[in-house]
1. Just the residues that are closer than 27 Å to Ile96 by Cβ, surrounded by fewer than 15 Cβ atoms within 10 Å (Cβ to Cβ) and touching a residue at least 60 places away in the same chain (Cβ under 8 Å), please, taken from region 322-361.
2. Could you say which residue among Arg110, Arg118 is part of a helix (DSSP H, G or I) and in contact (Cβ under 8 Å) with a residue 12 or more places away in the chain?
3. Could you please let me know if Thr117 is in contact with a Pro (Cβ under 6 Å, 6 or more places away or on another chain) and assigned by TED's automatic domain parsing to the domain that holds Glu45?
4. Taking Leu136 and the conditions (1) within 25 Å of Arg31 (Cα to Cα); (2) among the hydrophobic types (A, V, I, L, M, F, W, C); (3) surrounded by fewer than 17 Cβ atoms within 10 Å (Cβ to Cβ), which numbered condition does it fall short on, given that it satisfies the others?
5. Looking at region 167-182, which of its residues are modelled with pLDDT under 85 and either buried (at least 21 other Cβ atoms within 10 Å of the Cβ) or more than 15 Å from the chain's Cα centre (by Cα) (or both)?
6. Anything in region 308-321 that is crowded, with 21+ Cβ neighbours inside 10 Å and within 18 Å of the chain's Cα centre (by Cα)? List them, or say none.
7. Does region 40-49 contain any residue that is outside any helix (DSSP H, G or I), among the charged types (D, E, K, R), in contact (Cβ under 8 Å) with a residue 40 or more places away in the chain and within 30 Å of Ala387 (Cα to Cα)?
8. Regarding region 206-213, can at least one residue be identified that is surrounded by fewer than 13 Cβ atoms within 10 Å (Cβ to Cβ), charged (D, E, K, R) and not in a helix (DSSP H, G or I)?
Amino acid sequence: MKFIDTIKNIWKIEELKNRILVTFGLLLVYRFGAQVVLPGVDAAELANLSTQTQDGLLGLLNAFTGGAFANASVFALGIMPYISASIVVQLMGIAIPYLQKLQKEGESGRKKINQITRWLTIGITLIQAPGYIYNLFNILPGSAFVIENQTVFVASSVIILVTGCIFAMWLGEKITDKGIGNGISLLIMVGIIATLPQAFIQNFISRTSGDGGDIIMVLIELVIWFVIILASVLLVMAVRQIPVQYARRTADGGYEKNVFGSRQYIPLKLNASGVMPIIFAQAIMFVPGAVAGLSQSDASQSVAAAFSDIFGLWYNLLFALLIIVFTYFYTAITVPTNKMADDLKRSGGFIPGIRPGSETAEYLDKIMSQITLPGSIFLALIAVFPAIAVKVLNVQQGWALFFGGTSLLIMVGVAIDTVQQVNSYLLNRRYDGLMKTGKNRKAVA
């Protein structure tokens, strides 16, 4: 009943209703584009490409694009070049003074950084698109290509793939501006969810097609899946509250000595880095296999085979270690404990028993280090759980990708963020939250 009441409240608020409808409409446009095959490619000849993207790293990339990669779609590269460009710009902001200056300029600096990210996205797409096209030549039979002139096909396809990526990026930005939630994250989440029903059905058929079937194992898998989702929610929502005391202001703007105001808290997230360590680690995991593949020796070929299997032991051991390392790295660059201590000091606040200033910064840094270790280990366990599901539970690889890793954490994180934004609209438009006696407030222009 509470859920139904919340839906009714959402529908009563005109602005929120319109934003949700705009979001759904733009997401439908993105999903429709994912089914449009590149001009010059016969859609009936894509069986080999679908087979190539069932497992391994390409299977993971295909899941992020919602099947567009396997469909040779105009959105085959999805929004991933934009994600790569955003990561590069964020990392460059640590070392390049110009980007550091832009980060401090507020809204105008953010717009310039976004423009730099867009241009870098085009550059990355121009590199990835020819590689994708030539992979089609290697995988698909000659009869799959309707355009006989290879140069014309490559040039036109590269232009279309770049345009598709930019259009997807535009859709994401429009969802953020005119819709609800973070548009880029929603596009990725919708792409991941699009492959979930097919993966579950294939696993269900595989479990139940034998003599008598094994419906009990399907139920056990679903229970484990819900437990992993719950663990992911706890990881995303968990915070360590640091108590903060504020001195009470006097009429002349000063502070009364030995008189304290209300106590508040600084929430330090257990996993402040989100899914970024997994994305960083996933990008690095391409390197060992690629380097080993340059040599034809037996040892190099065995290394290349080991690191091309995303469900293998050595792959996941290195993957988990990289996640822990990158969690510390990304937390260090995104949680400014020195700035937090300075802001706290300027506002007249302090942590009981800790002197304002440098000692507060050191204390916050110590707490972050203490909570980052269990957070990073927990994140690594969730990231490698798909491999555990394959080896221990004998889950099909496509369905196992949803038992943890980047896919599940992105779905959980984006869903929580979107629900929180919807709740914010509800609370802003009602005097008393979601109480039935509350009156809707009209938006002030």
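1. Residues satisfying the conditions are Ile333, Thr334.
2. Just one listed residue meets the conditions, Arg118.
3. Judged against the criteria, Thr117 is not a match.
4. (3)
5. The answer is Gly181, and nothing else.
6. If the condition is that a residue be crowded, with 21+ Cβ neighbours inside 10 Å and within 18 Å of the chain's Cα centre (by Cα), then Phe319 is the only one that fits.
7. No, every residue in region 40-49 fails to be outside any helix (DSSP H, G or I), among the charged types (D, E, K, R), in contact (Cβ under 8 Å) with a residue 40 or more places away in the chain and within 30 Å of Ala387 (Cα to Cα).
8. Checked against the condition, which is being surrounded by fewer than 13 Cβ atoms within 10 Å (Cβ to Cβ), charged (D, E, K, R) and not in a helix (DSSP H, G or I), region 206-213 yields at least one hit.
The values are calculated or read from the model by the stated rules, or taken from the named source; none is laboratory data. These numbers come from a predicted model, not from an experiment. No Cβ is skipped: glycine too gets one built from the backbone with ideal geometry, and neighbour counts run over all protein chains shown.
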